[in-house]
1. Just need log10 I(q)/I(0) for segment 182-260 at q = 0.19 Å⁻¹, Debye formula, equal scatterers on the alpha-carbon atoms, no solvent, rounded to two decimals.
2. If you rank Asp88, Asp350, Asp307 by fewest surrounding Cβ atoms within 10 Å, what's the result?
3. When you have a sec, figure out the Kirkwood radius of segment 11-264 from all distinct Cα pair distances and drop it here in Å to one decimal?
4. For Asp149 and Ala244, FRET efficiency with R0 = 56 Å and r from the beta-carbon atoms, rounded to 0.05?
5. So for segment 276-357, considering every pair of alpha-carbon atoms, how many percent are separated by more than 22 Å?
Amino acid sequence: MEIVRELPLDQILLGDSVRLMRMLPAASVHCVFADPPYNLQLRGELRRPDDSLVDGVDDDWDRFTDFAAYDAFTRDWLGECRRLLRKDGTLWVIGTYHNIFRIGAILQDLGFWVLNDVIWRKSNPMPNFRGRRFTNAHETLIWAARSRDSRHRFNYRAMKALNDDLQMRSDWFIPLCTGPERLRNMHGLKLHPTQKPEALLHRVLLASTAPADIVLDPFAGTGTTAAVAKRLGRHFIGIERHPAYAEAAIGRVRHTSVSSEDGLATTQSRREVPRVPFGSLVERGLVPVGTTLHDRQRRVSAIVTADGSVVAGATRGSIHKVGAVVQNAPSCNGWTFWHFERDGRLLPLDDLRGALGRDPAE
């Protein structure tokens, strides 16, 4: 089998997921999102039922499940995903009670390190028509790092900003895919029975990837992952075995616009903010000697000196030390405590750290 030497970026590949993944080079993608077939089997054929059947499934469906075959299939595709992930990459997999527990055990056996399980709570679930079980109103996502030693990406501050400045929880209340977003065939019927909402993938990719990262979807369906990845400035590789789904995904991606460069910027996590001394801002002229710094309420102030220290009354030292003293606090983050004035507005020193890579005349 000939190995693909260059990644087929921003393409939807038609064919078997495991076979095509084996043609890709190891350690080549940053993130995987997988929505694999449910663990439902009828007369030997793995199927994705439509939404009503999923919610109305009964014991007759469970009886036809071949666990050994499904487990072997799961080990194959998860093993390839792990091979393709970079050392610090992460995998998301979504499923229902039919398959998610078996997938979770197998991915742990393969060496993945579970970071979170996330509950996607559907605001508009399909009812259970037979009345023999609870309405199936959620699906489970497992988020896992490639290994326990991975330094995985989590855009914590971006998630907090997305959630009205509150920590993002592991239960997500998002509607099913409906209305114009739901792709339909020429007869007006749902083209794909389990098309995921773009809002769900937006949150997944925003949380765990950066612009220009490569996202793999081995069960691409009608291209939700690919479309959202493109819109967010990420590269994608989608694999789909169903010709009609692949064709729809290609058309969908073609009509998806890439966000502007400014729109792709997200709130940085603290470890992504450059670690620079305050004196660097002074010597570059970004904070001139003699500048008066204030706290946000203008209750206290300090003067910037030529060596990068600041003076407040009889206290002289770093922005952190002096900030702690004027507050009578054990410690202080001077970058966020101290503010400088520009055009009549007080802005935190933290805003200037990103300017060190630019020419000070800009």
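Only the coordinates and a few stated rules stand behind these numbers; no lab work does. All values reported here derive from a predicted model rather than from experimental measurement. Backbone-built Cβ (ideal geometry, glycine too); neighbour counts: all protein chains shown.
1. With one equal scatterer per Cα and no solvent, log10 I(q)/I(0) is -0.76.
2. Values: Asp88 14, Asp350 17, Asp307 10.
Fewest to most other Cβ atoms nearby, the residues stand as Asp307, Asp88, Asp350.
3. On the way: mean 1/r = 0.0535 Å⁻¹.
Over segment 11-264, the inverse of the mean reciprocal pair distance is 18.7 Å.
4. For Ala244 and Asp149, the calculated efficiency is 0.85.
5. That tail contains 14 percent of the Cα-Cα pairs.
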